[in-house]
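Participant: Can you keep this structure in mind? I'll have questions shortly.
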Amino acid sequence: MKEYVSVSIVSERSAVKADLFDAVYEKEIAELTEDVSIMVPDELEGEEERETLEMITQGLVRQRGGRIEIVYDEGELSGMEGSRTVVSYAKGEPDTVSMLRTGAVSTAMVFERGVRHLCTYETPYMPFQIGVFALAVDNRLERDGVIMLDYLIEIRGAQAERCKMTLKVTRAK
């Protein structure tokens, strides 16, 4: 199965206190081990002004090797021109979403609520390590054509950001 689609991407980023990443991570782990669900506020303490990016591009949705993939090329607006992004998940595991970016900027990130994943981010200048901790993964791609991710990202152990990304997929006209 392969279908050409329009992909609408809305992403928000805001800087947060560097130690917030570890504080939220420790709180989440403690609460997850007690099997208690928590609500994450829209704004975290120490969160600064948000930067919002909205982009619409052509892409495709395909099913390959037991995975469902959204594939699109990054543009100048995202600052990653020359890169291709694949957002995917295993058919039976919609709560764990992966993002593979190749090209001028490349990385492989995993979004799984309550789990901290370490990844390498490659830029034309130098590679660096990032930590990704998903606060929420709302995958309704097969039902509504939407994947929403809310996560903290720690860059080189120094800077932390809260990111929210919504991908909406509609049939190309």
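Participant: For the range 55-64, state whether one or more residues are out of contact with any strand residue (DSSP E or B) (no Cβ under 7 Å at 6 or more places or on another chain) and open to solvent by 70 Å² or more (accessible area, probe 1.4 Å). Spell out the reasoning first.
Facilitator: Just the residues of the range 55-64 that are out of contact with any strand residue (DSSP E or B) (no Cβ under 7 Å at 6 or more places or on another chain), to begin with: 63-64.
After this cut, where a residue has to be open to solvent by 70 Å² or more (accessible area, probe 1.4 Å) as well, the list is 63-64.
Yes, that holds for at least one residue.
Participant: Also, I was wondering about something else. Does the range 95-113 contain any residue that is in contact (Cβ under 8 Å) with a residue 60 or more places away in the chain and not in a loop (DSSP other than H, G, I, E, B)? Talk me through it step by step, then tell me what you get.
Facilitator: Let us first name the residues in the range 95-113 that are in contact (Cβ under 8 Å) with a residue 60 or more places away in the chain, namely none.
No, the conditions are met nowhere in the range 95-113.
Participant: Give the residues of the range 46-61 that are within 26 Å of VAL115 (Cβ to Cβ) and modelled with pLDDT of 50 or more, sorted by residue number.
Facilitator: As a first pass, look at the range 46-61 and keep what is within 26 Å of VAL115 (Cβ to Cβ): 46-48, 50-51, 53, 61.
Listed by number, the residues that qualify are GLU48, ARG50, GLU51, LEU53, VAL61.
Participant: Mind listing just one residue for me: the one in the range 66-94 that is outside any strand (DSSP E or B) and at pLDDT 90 or above and, of those, nearest to GLU12 (Cα to Cα)? Even if it seems obvious, please write down each step before you answer.
Facilitator: Here is the first cut: in the range 66-94, the residues outside any strand (DSSP E or B) are 66, 74-82, 91-94.
Pick out the ones that are also at pLDDT 90 or above and you get 66, 91-94.
Details: GLY66: 30, LYS91: 27, GLY92: 28, GLU93: 25, PRO94: 22 Å.
For the range 66-94, the residue satisfying everything is PRO94.
Participant: Also, I was wondering about something else. Taking the range 141-157 as the search range and keeping residues that are under 17 Å from GLU3 (Cβ atoms) and out of contact with any helix residue (DSSP H, G or I) (no Cβ under 9 Å at 6 or more places or on another chain), which one is most open to solvent (accessible area, probe 1.4 Å)?
Facilitator: First, the residues of the range 141-157 that are under 17 Å from GLU3 (Cβ atoms): 141-147.
Applying the additional criterion that residues be out of contact with any helix residue (DSSP H, G or I) (no Cβ under 9 Å at 6 or more places or on another chain) yields 141-146.
Working: LEU141: 20, GLU142: 107, ARG143: 173, ASP144: 79, GLY145: 9, VAL146: 17 Å².
Once the filter is applied, the top-ranked residue is ARG143.
The values are calculated or read from the model by the stated rules, or taken from the named source; none is laboratory data. A quick note: this is a predicted structure, and the numbers were derived from the prediction, not measured. When we count neighbours, we look across all protein chains shown, and the Cβ atoms used for this are built from the backbone with ideal geometry, even at glycine. The area values use the complete protein model at the heavy-atom level, side chains included, leaving out ligands, DNA and RNA. Shrake-Rupley method; radii C 1.70, N 1.55, O 1.52, S 1.80 Å.
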